[in-house]
Amino acid sequence: MDQDAYNWISRRAHQIWEQEGCPSGKDREHWYRAVAEWETKGNRSYEPPLGTRIVTVLVVEDKALIRFATADALEAAGFKVLEASCADEALVLLRGHQVDAVFTDVNMPGQIDGLGLMDRVRTQSPEVRVVVTSAHIALGPFDLASGVFFLPKPYTPEALIKMLKAL
């Protein structure tokens, strides 16, 4: 599956999940329904209606140089950026700021890793888009909550910016 198809299907599965009241344990069903919709379109150039534009991104990365470089690239692309070095810091920032998207590494120190942060964000703020990254593991659609996207490391700032603008 190419990245465009994956992204469209992930967005659509998330929309279905939201429409059904954010139920737990139905991600696979939502994914299959979104895949079926994608296949009935039969046209890879189909674009879903765009949701709200992402303005503020929370970057969660324990490696300071990667976090700084990512934040600089996002700011240069016009995003407002908040930074956290671990999931615990990110949860504090999420309580005090309006955030449209969270970009988080998986492996981090602290009480919660990036996947735990993803779960909390999806539960507490389902409207917030989430992008997960890792150099150590590759995550597929059934590894992630509905509406969550994966960008493998190493990534280019352009790839992240393109993904955030497509969300």
Just checking, does the range 66-82 include any residue being within 15 Å of Leu117 (Cα to Cα) and in a loop (DSSP other than H, G, I, E, B)?
no
Would you mind stating whether Leu115 is at pLDDT below 90 and crowded, with 17+ Cβ neighbours inside 10 Å?
no
I'm checking my understanding of the structure. Among residues of the range 19-31 that are free of Cβ contacts under 8 Å to residues at least 40 places away in the same chain and surrounded by fewer than 14 Cβ atoms within 10 Å (Cβ to Cβ), which one is farthest from Pro126 (Cα to Cα)?
Gly25
Scanning the range 153-167 residue by residue, those in contact (Cβ under 8 Å) with a residue 12 or more places away in the chain and either among the hydrophobic types (A, V, I, L, M, F, W, C) or assigned to a loop (DSSP other than H, G, I, E, B) (or both) turn out to be Lys153, Pro154, Tyr155, Leu160, Ile161, Met163, Leu164, Ala166, Leu167
The conditions are (1) surrounded by 13 or more Cβ atoms within 10 Å (Cβ to Cβ); (2) within 22 Å of Pro23 (Cα to Cα); (3) hydroxyl-bearing (Ser, Thr, Tyr), and Thr56 fails exactly one of them. Which is it?
(2)
Is the range 131-145 home to any residue that is without any contact (Cβ under 8 Å) to a residue 60 or more places away in the chain, over 16 Å from Arg11 (Cβ atoms) and assigned to a helix (DSSP H, G or I)?
no
Assuming Phe150 fulfils every condition listed in (1) in a strand (DSSP E or B); (2) more than 16 Å from Ala13 (Cβ to Cβ) apart from one, which condition is it?
(2)
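The values are calculated or read from the model by the stated rules, or taken from the named source; none is laboratory data. The shown structure was predicted, so the numbers you read here are calculated from the model rather than taken from an experiment. Ideal geometry is used to build each Cβ from the backbone, glycine not excepted, and the neighbour counts take in all protein chains shown.
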